[in-house]
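Asker: Before I ask anything, let me first share the structure, which is written out below as structure tokens.
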Amino acid sequence: MSEIILSANGLTKTYKQRTGRFGFGTKLVKALDDVSIELKTGKTLAVVGESGSGKSTLARCLLQLLPADRGEVFFQGNNLANISGQALRDLRRYLQMVFQDPFASLNPRMKVGEIVGEGLLIHRLGNAEERRGKVLRMLERVGLSTADMDKYPHEFSGGQRQRVGIARALVLEPKVVVCDEPVSALDVSIQAQILLLLKELQQEMELSYVFISHDLRVVRHVADDVVVMHQGRIVEQGGVEALYSTPREEYTQNLLKAIPGRAKQHSLVT
């Protein structure tokens, strides 16, 4: 049985939202409402739900990019709330993120080699020659060339930019990668390529993924376990095959019914 590498217990996060005709009023919106999850070592936990369900807020709370109002996050048994300063910065090397938008997540003024190597520099890993070597090897591993190191993001397609984003996250040799809608901005044909790449890298580098998505068609091909969120709460969770074959909750059933061409969904990744 796989060990638990990342878990969250009772995460709650509330935002103030402006209301009224002129925005003078406010109301409290619970983006997360007592959310608890467990990610097994070497596995993929998918978090699915419609826009506004709390998926991305959960991703940022897991990585300590956003403070939760209540609840705890544990990484390899360590309560992240008890870690701060340099110790937390050192630990963040092992918790990385691949962002949704490959256009917005890359600095347009930096060359690709600088983008991928920035984390190595921040964490003071290796000398300049060693960092350059790691960046080159990682670019090649994600399907880019060594010549791409001196190019700028605008010179690449959307799929290539997402490969850069993946290289940036994985060059630090993390243990957990949170993938926040990593293929939703890409064409379907490119989605399949990126999903296959993520699966190959997971096996090679023994990675554990939290895979955030609204697309259950995609999730079936990448996940081991699934958490379904609605209005900040978990409404259903379990193994991927059980959830697809016998969903218990009406909300999950409706999400599955909304999959375009559900009978053909197995053709996305082969």
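The values are calculated or read from the model by the stated rules, or taken from the named source; none is laboratory data. Given the structure is predicted, the values throughout are model-derived calculations rather than measurements. When we count neighbours, we look across all protein chains shown, and the Cβ atoms used for this are built from the backbone with ideal geometry, even at glycine.
Asker: What tally of residues in region 173-184 results from selecting those that are surrounded by fewer than 19 Cβ atoms within 10 Å (Cβ to Cβ) and either hydroxyl-bearing (S, T, Y) or more than 29 Å from R131 (Cβ to Cβ) (or both)?
Answerer: The number of residues fulfilling the criteria is 1.
Asker: If you check L39 against the conditions, is it surrounded by fewer than 22 Cβ atoms within 10 Å (Cβ to Cβ), of a type in the set (A, V, I, L, M) and under 22 Å from L201 (Cβ atoms)? Break it down stepwise before answering.
Answerer: Values: surrounded by fewer than 22 Cβ atoms within 10 Å (Cβ to Cβ): no; of a type in the set (A, V, I, L, M): yes; under 22 Å from L201 (Cβ atoms): yes.
Answer is no for this residue.
Asker: What number goes with the only condition from (1) surrounded by 15 or more Cβ atoms within 10 Å (Cβ to Cβ); (2) touching a residue at least 24 places away in the same chain (Cβ under 8 Å); (3) over 16 Å from the mean Cα position of the chain (by Cα) that V222 does not pass?
Answerer: In the conditions (1) surrounded by 15 or more Cβ atoms within 10 Å (Cβ to Cβ); (2) touching a residue at least 24 places away in the same chain (Cβ under 8 Å); (3) over 16 Å from the mean Cα position of the chain (by Cα), V222 misses (3) alone.
Asker: Here's something else I'd like to know. Could you tell me which of the residues G10, G71, G49, G54 is surrounded by fewer than 17 Cβ atoms within 10 Å (Cβ to Cβ) and on the phi > 0 side of the Ramachandran plot? Give the steps one after another, and end with the answer.
Answerer: On the way: G71 fails: surrounded by fewer than 17 Cβ atoms within 10 Å (Cβ to Cβ); G49 fails: surrounded by fewer than 17 Cβ atoms within 10 Å (Cβ to Cβ); G54 fails: surrounded by fewer than 17 Cβ atoms within 10 Å (Cβ to Cβ).
Just one listed residue meets the conditions, G10.
Asker: Mind checking which pairs have a first residue in region 232-254 that is on the phi < 0 side of the Ramachandran plot and a second that is among the hydroxyl-bearing types (S, T, Y) and at pLDDT 90 or above, Cβ under 6 Å, 6 or more apart or different chains?
Answerer: V235/Y251; E236/T252
Asker: Within the bounds of region 109-118, is there any residue that is outside the structural domain of E181 (by TED's automatic domain parsing) and exposed (fewer than 15 other Cβ atoms within 10 Å of the Cβ)?
Answerer: The initial filter retains those residues of region 109-118 that are outside the structural domain of E181 (by TED's automatic domain parsing), namely 109-118.
From what's left, exposed (fewer than 15 other Cβ atoms within 10 Å of the Cβ): 109-110.
Yes, because at least one residue in region 109-118 is outside the structural domain of E181 (by TED's automatic domain parsing) and exposed (fewer than 15 other Cβ atoms within 10 Å of the Cβ).
Asker: It is to be established whether one or more residues within region 132-151 are under 27 Å from L6 (Cβ atoms), surrounded by fewer than 19 Cβ atoms within 10 Å (Cβ to Cβ), among the hydrophobic types (A, V, I, L, M, F, W, C) and touching a residue at least 24 places away in the same chain (Cβ under 8 Å).
Answerer: no
Asker: On to the next question. Given the options T57, T26, name the one that is under 19 Å from R92 (Cα atoms) and among the polar types (S, T, N, Q). Please lay out each step first, then the result.
Answerer: On the way: T26 fails: under 19 Å from R92 (Cα atoms).
After ruling out the rest, the residue left standing is T57.
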